[in-house]
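For reference, the structure discussed in these notes is given below.
The values are calculated or read from the model by the stated rules, or taken from the named source; none is laboratory data. These numbers were taken from a predicted model, which means no experiment stands behind them. Every residue, glycine as well, gets a Cβ built from its backbone with ideal geometry; the counts of neighbours run over all protein chains shown.
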Amino acid sequence: MDSGPEQMLQRVLGRYPDCPNLPPLPKSSGRWSESDFDVFVASMGSIVPPGSGVEADNAETPAKEEHALFECAPRRKTTIDSVDMEQLASDSKDADVKNKGKADACLVTASSVFMVDRAAEGLKVEAVLTKFDQCRAAALQSISGMSTQSLVEQEGVGILLSDIYYAVESSTLPAVTDAVTVESEIDLPKLPMLPSLQSLVDSQGHTVCTAVFGQMFVDMKTMMLSQNSDAYNRVKRPCDNVFGRGVPNCNTVAVRQQLTAKWAQQHPKQGGMFKPSRYLLGKYAVAPSDCDTYNTLYHPKVASVCEHACLSAGETFCCAPTNAFFCKFISTLPPGSRLNAHIFVADTENDGTRALFVFEKDSRCALCALVVYDGPLPATLYEEEIQAVTPKNAEALLAWAGQGVAKGLACDLSALKSPAH
């Protein structure tokens with residue numbers, strides 16, 4: 001039969017003569033159309049059309065309250081440094097793609113440094129992350145033609161932001177009015193993941209700072225991780241084509257392996273748990289101006305929220321430049337949310353002030369972050385510090401602070417006395 005599964009598969013493989021070995025076909029492939037086979041082959045098996053159950057078995061399905069949803073692509077017309085994002089979205093053919101066909105392929109957006117981006121001694125993280133958000137949104141829309149609004153309206157999916165890693169790379173920072181570029185790397189390695197890495201690069205080609213965003217597709221009805229392969233593919237295939245990894249061949253396999261290693265984010269090990277020497281208790285109330293169109297804390301505000309919490313506790317170490325941080329968004333934070341900020345501070349001689357913030361709402365952790373103030377550049381976080389920024393450890397720290405219970409901790413609190421005692 002000309003239209004049988006094997007015949008359709010062979011026709012698709014004929015369009016990709018250099019395609020490497022594919023994973024085994026799922027049982028449901030007997031019900032696939034030729035376009036389904038094309039999706040499977042072109043993605044080298046990373047996208048399995050609906051009905052197989054493969055992705056459903058492998059995907060994590062968090063409860064509704066475990067993550068906050070954030071805007072990743074524009075819902076309405078806005079601008080980036082006076083560049084119309086709708087115009088940029090229509091100019092995808094002229095997009096400036098750097099290192100096409102390699103693991104660090106990125107879309108380059110011209111920008112400038114303004115007063116809002118600079119402090120006396122360093123970068124203003126909130127402003128830089130806002131610039132990244134605008135450029136990331138424009139990059140995604142210019143490449144795929146899909147915005148958050150169109151994804152929601154046409155496919156019923158949104159983009160969930162689960163975590164951010166940020167680090168300053170250079171001690172030489174661009175001055176106000178200096179020309180810079182934002183380099184945006186976007187990958188769709190496997191449904192429902194959509195990680196992105198962005199860099200601020202000065203006019204000499206030096207990387208000033210980088211940020212890695214953990215993003216995933218989420219079903220807007222259930223608020224669970226999405227298994228909508230059609231929506232995922234509508235973004236993935238244009239991205240792969242623009243970045244030069246759309247044709248399945250040995251080259252693409254090598255690039256995929258490099259990307260897998262990159263997104264694993266290996267951090268240096270310190271050799272011991274994060275060990276704070278001081279415990280502080282601060283407060284923060286989420287203002288309407290802190291929130292986005294989802295009526296929850298806008299993600300670039302995280303560094304500023306930590307600064308306000310530090311100041312409310314009577315400390316000023318946050319006045320030093322924020323050189324690195326890692327945060328996890330655990331639940332939504334609408335306007336008016338009143339938070340207790342549990343701050344665990346490690347004062348070091350040569351590695352800056354390193355502070356773990358656990359923000360408590362309604363006796364549960366809503367946001368957790370580890371921030372490095374000052375210290376050597378390029379800045380870094382240790383693997384043990386990353387492990388301390390988890391919902392499980394945050395809840396254990398709340399139990400320690402409120403009840404004096406010290407079980408399941410991923411950090412060493414031996415130098416501290418629980419306020420519950």
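Details
- Only one of the numbered conditions (1) in contact with a Pro (Cβ under 9 Å, 6 or more places away or on another chain); (2) more than 23 Å from GLN134 (Cα to Cα) is violated by VAL180, and that is (2).
- Any hit, the range 368-389, residues being charged (D, E, K, R) and free of Cβ contacts under 8 Å to residues at least 12 places away in the same chain: no
- Candidate set: the range 225-243, residues that are in a loop (DSSP other than H, G, I, E, B) and in contact with a helix residue (DSSP H, G or I) (Cβ under 8 Å, 6 or more places away or on another chain); chosen: the one surrounded by the most Cβ atoms within 10 Å (Cβ to Cβ): SER226
- Single residue of the range 27-39 satisfying the filter (closer than 21 Å to VAL247 by Cα and free of Cβ contacts under 8 Å to residues at least 24 places away in the same chain) that is surrounded by the most Cβ atoms within 10 Å (Cβ to Cβ): ASP36
- Hits in the range 119-146 (condition: farther than 18 Å from HIS299 by Cα and in a loop (DSSP other than H, G, I, E, B)): ALA119, ALA120, GLU121, GLY122, GLY145, MET146
- The set of residues in the range 1-26 being at pLDDT below 70, more than 25 Å from PHE243 (Cβ to Cβ) and not small (Gly, Ala, Ser) consists of MET1, ASP2.
- Summed over the range 378-421, the residues that are at pLDDT 95 or above, under 30 Å from SER199 (Cα atoms) and in contact with a His (Cβ under 9 Å, 6 or more places away or on another chain) give a count of 7.
- Qualifying residue in the range 159-167 (condition: touching a Pro at 6+ places or on another chain (Cβ under 8 Å) and closer than 28 Å to LEU381 by Cα): yes
- Wholly within the range 299-403, strands (runs of 3 or more DSSP E) carrying at least 2 residues that are closer than 25 Å to GLN134 by Cβ: 322-329, 364-373
- Scanning the range 166-219 for residues that are surrounded by fewer than 16 Cβ atoms within 10 Å (Cβ to Cβ) and among the hydrophobic types (A, V, I, L, M, F, W, C) returns ALA175, VAL176, ALA179.
- Residue count for the range 150-161, restricted to those that are in contact with a Lys or Arg (Cβ under 8 Å, 6 or more places away or on another chain) and surrounded by 19 or more Cβ atoms within 10 Å (Cβ to Cβ): 1.
- Neighbours by Cβ (under 8 Å, 6+ apart or cross-chain): first from the range 101-123, outside the structural domain of ASP240 (by TED's automatic domain parsing); second surrounded by 15 or more Cβ atoms within 10 Å (Cβ to Cβ) and in a loop (DSSP other than H, G, I, E, B): none
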